[in-house]
Each structure stands twice: as C-alpha cells, then as structure tokens.
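The values are calculated or read from the model by the stated rules, or taken from the named source; none is laboratory data. Remember, predicted model here, so these are calculated numbers, not experimental data. Counting neighbours? That spans all protein chains shown, and the Cβs are built from the backbone with ideal geometry, glycine included.
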Amino acid sequence: MVLSALKFDCLVVGAGLGGIAAARKLVEAGVSVCILEKSRGIGGRLATRRLDGESFDHGAQFFTTRKKSFEKEVEQWIANGIAQSWFEESGHVRYRGVGAMNSMAKQLAAGLDVRREQKVDSIRFANGVWTVRSEKDSFECERLLLATPAPQAVALLESGEETFGADFLDTLKTIEYEKCISLMLLLESELNLSDSGLIKGEPGEPIATITETSIKGTTGRPGIVIQSGSEFAEKYFGEPADSISTALLGALPFQDKLKVVDMSLQKWRFAKRKEHGLSAAFLKSENEPLWHAGDGYVAARVEGAYLSGIKVANSIIESFRKAGELA
Ligand SMILES: Cc1cc2nc3c(=O)[nH]c(=O)nc-3n(C[C@H](O)[C@H](O)[C@H](O)COP(=O)(O)OP(=O)(O)OC[C@H]3O[C@@H](n4cnc5c(N)ncnc54)[C@H](O)[C@@H]3O)c2cc1C
C-alpha cells in the first residue's frame, strides 16, 4: 500500500504523544504513515528545553496511570527504559520520562517518519485524496488524522474556503483549554523545598506547581520549574516575558533565597483541557476520512492522549480493512 515520496496512506498532523501512539499502531498494522510536526522538537506538551546545558521539562511534569490498559503499556515502557517511577502520592505513582519527558516521546517515535518544522497551514479534500500543505511541502494521503489540540484542528478545518468535517466541527469547538505559563530557573544553590521535588499550590493561586529539577533528576545543577495557575496565565498571557517573570517570582514565598544563573519562559495557550461532557475516545467525520484525537478525549492528561491515539488508530485501520485496502 505504500505510495510514493510525499504520498502516504495516512498523514498525522502533530507529533505529540497522541499522534505518536496512533502512528506507531498504524505502522505496525502495515499502513504507510508520515507525521507532520510544526516544531523543531517532537513530543508536543511532553516538552523539554536546554538551559545552559541542563534539561528542564516545561510541559507535563509527570504522568499517572488510571486505566488498566495504560498501566500495562507503562509497565512495558519501564521495562524498555523509557519511563520510571518518580514518587507516590495519594496512592498514585507519578511517573517521569527517563532523562526528561521529551526523551520518552523521542524514543516512542523512533523508527517513525516524522517530518519536523512542517507547520500544516492548509488541507483540501478532493476525489478521495487529502492534500495537506505546509510552508515547505505538499503531501497527499487517503486518511487524515489531526492530533493537535482541538482549537488548532478547528483553525485548520476553517483555513480554506471549503468546509470539511462540518459534522464534527461543532463538537471540536466544545473542547477548550486552560492556559499555563512555565518559568525555568537555573539556580546557584539548592532550595530543598520537598523530598519528592514537587510542590503544589492551591487552586486559584498564581503558582500551580514548583518542580525541583535536580531532585526530579533532569538537571545535574540546582534548578526549578514554576508553573502558573490558569487564572494567572489568563491575566498575564499577553504581557512581555520580563513582566510575567517578575510577577511569578513575586508570588514565591522564598524569593529572597533565589540566586538565578539563567532563566527561560514558555507560554502554553493550550495546556490543560477543560472538563467537558464528551465520552468519545476520538472524533471521526461522517463525511470524509478524517479523524481527531489527543488529550481532548478520554482524560485531560498524558494518559488520555496516549489512549485516544491507540483507539483512533484502531478506527483508521478498520476503515482501511472495510475498504479492502488492508489485510
Ligand atoms: C504546562 C503543562 C503541564 C502539564 N502537566 C501535566 C501533568 O503533570 N500530567 C499529565 O498527565 N499531563 C500534563 N499536561 C498535559 C499533557 O502534557 C497533555 O495532555 C499531552 O501531552 C497531550 O498530548 P497530545 O498528543 O494530545 O497533544 P500535544 O502534545 O499538544 O501534541 C500536539 C502536537 O501538534 C503539533 N501541531 C499543532 N498544530 C500543528 C500544525 N498546524 N502543523 C503541524 N503540527 C502541529 C504541536 O506542535 C504538538 O507537537 C501538562 C501540559 C502542560 C502544557
């Protein structure tokens, strides 16, 4: 079924965990797949940045397992050296990627055809074929999976004059996200705020979490990642980085103890999906061979993104089988 150079059975837009999980499953079933990712790195919100040679996770800090199927998968990741337990809280193990959260995504994507710095800006569907364009290239496929946060999928579906996925556009629009701002600080000395390396703020406070990176194990030198609460992020999102950093640091009770060597700030427009009433594990268009998956479904966390990716892949495989295009 493999077509030629920029033609694939299936294109996946977004190399976050949802897109990667789906692509792996599709490839295992014999489908030719290419993932198009707008960023230089892969992993989406499993994100890590280097600061003076040290790795700071600035998206998800950890993940948990609630569903049996994901628990079994994570046992495999641990056996393969991709993930490890970090600490336990309220009866739930908090897991981390080995080395950093993005190394987990990189290892899960090993062997997949991932094209980076390919920001998809238009999609068209005609005569049973999708044409998916980035600034650099044009790709074609039979089945299209959008594995981006729902608002970015909506923007793509509404990018042209044609209407696609009209049947599921309204549902996609109900999937909304909270913002978050992450501030990474490389420090001169340890703060030793907790045994685990993770401190949580109360809902509504400016700071949602503080991670001590050397305790977590991503940096050799002292460092922290401060992640804002959603109300703070909403208020400061449009402000310059300096003002945001000052406001976030001002909210720290131990600000006077900080000796900052280097810092970096990341704004997340789509950080945590808000609760909604959907029970589907992914969305499928009734009119075109078009799907949407990711943490918009199942659960608003790493686990949800992964399980949605697996379930959407099964649906796509089934559609190839029904069409007699896959054994
Ligand atoms: C600050 C923060 C803290 C978090 N903390 C936790 C936590 O502690 N525990 C937990 O379980 N979860 C946490 N999460 C949520 C978790 O990271 C996500 O649920 C999960 O990683 C989502 O994966 P995904 O594949 O659905 O989407 P994403 O990881 O967002 O992947 C989507 C990908 O699509 C790409 N993309 C978008 N538009 C385009 C385009 N037009 N063309 C090409 N590519 C495109 C993006 O660049 C991205 O790589 C956190 C998230 C953030 C941001």
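Miscellaneous remarks
- Residue in the stretch 16-29 that is closer than 17 Å to residue 268 by Cβ, in a strand (DSSP E or B), over 12 Å from the mean Cα position of the chain (by Cα) and in contact (Cβ under 8 Å) with a residue 24 or more places away in the chain present: no
- Candidates 166, 153, filtered to the one that is under 22 Å from the mean Cα position of the chain (by Cα) and of a type in the set (Gly, Ala, Ser): 153
- Residue match in the stretch 291-302 (condition: among the basic types (Lys, Arg), in a loop (DSSP other than H, G, I, E, B) and out of contact with any Gly (no Cβ under 6 Å at 6 or more places or on another chain)): yes
- Residue 120 being within 14 Å of the ligand (Cβ to nearest atom) and touching a helix residue (DSSP H, G or I) at 6+ places or on another chain (Cβ under 7 Å): yes
- Scope the stretch 171-211; condition within 24 Å of residue 242 (Cα to Cα) and crowded, with 22+ Cβ neighbours inside 10 Å; matching residues: 180, 181, 182, 183, 184, 185, 208, 210, 211
- Check on residue 115, within 14 Å of the ligand (Cβ to nearest atom), touching a residue at least 24 places away in the same chain (Cβ under 8 Å), under 30 Å from residue 64 (Cβ atoms) and outside the structural domain of residue 214 (by TED's automatic domain parsing): no
- Among the candidates 300, 280, 327, residue that is of a type in the set (A, V, I, L, M) and not assigned by TED's automatic domain parsing to the domain that holds residue 19: 327
Quick grid of which residues meet (1) touching a residue at least 40 places away in the same chain (Cβ under 8 Å); (2) on the phi > 0 side of the Ramachandran plot; (3) more than 13 Å from the ligand (Cβ to nearest atom):
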{"position": "230", "(1), (2), (3)": "yes, no, no"}
{"position": "240", "(1), (2), (3)": "no, no, yes"}
{"position": "245", "(1), (2), (3)": "yes, no, yes"}
{"position": "287", "(1), (2), (3)": "yes, no, yes"}
{"position": "324", "(1), (2), (3)": "no, yes, yes"}
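- Complete set of residues in the stretch 153-168 that are within 13 Å of the ligand (Cβ to nearest atom) and in contact (Cβ under 8 Å) with a residue 12 or more places away in the chain: 153, 154, 156, 157, 159
- Top-ranked residue in the stretch 278-318 [being within 17 Å of residue 69 (Cα to Cα) and of a type in the set (D, E, K, R); ranked as surrounded by the fewest Cβ atoms within 10 Å (Cβ to Cβ)]: 301
Okay, residues lined up against (1) surrounded by fewer than 21 Cβ atoms within 10 Å (Cβ to Cβ); (2) touching a Pro at 6+ places or on another chain (Cβ under 7 Å); (3) of a type in the set (Lys, Arg); (4) over 30 Å from residue 229 (Cβ atoms):
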{"residue": "69", "(1), (2), (3), (4)": "yes, no, no, yes"}
{"residue": "78", "(1), (2), (3), (4)": "yes, no, no, yes"}
{"residue": "85", "(1), (2), (3), (4)": "yes, no, no, no"}
{"residue": "96", "(1), (2), (3), (4)": "no, no, yes, no"}
{"residue": "102", "(1), (2), (3), (4)": "no, no, no, no"}
{"residue": "131", "(1), (2), (3), (4)": "yes, no, no, yes"}
{"residue": "136", "(1), (2), (3), (4)": "yes, no, yes, yes"}
{"residue": "145", "(1), (2), (3), (4)": "no, no, no, yes"}
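- Residues that are farther than 19 Å from residue 298 by Cα, at pLDDT 95 or above and assigned to a loop (DSSP other than H, G, I, E, B) within the stretch 151-182 are absent altogether.
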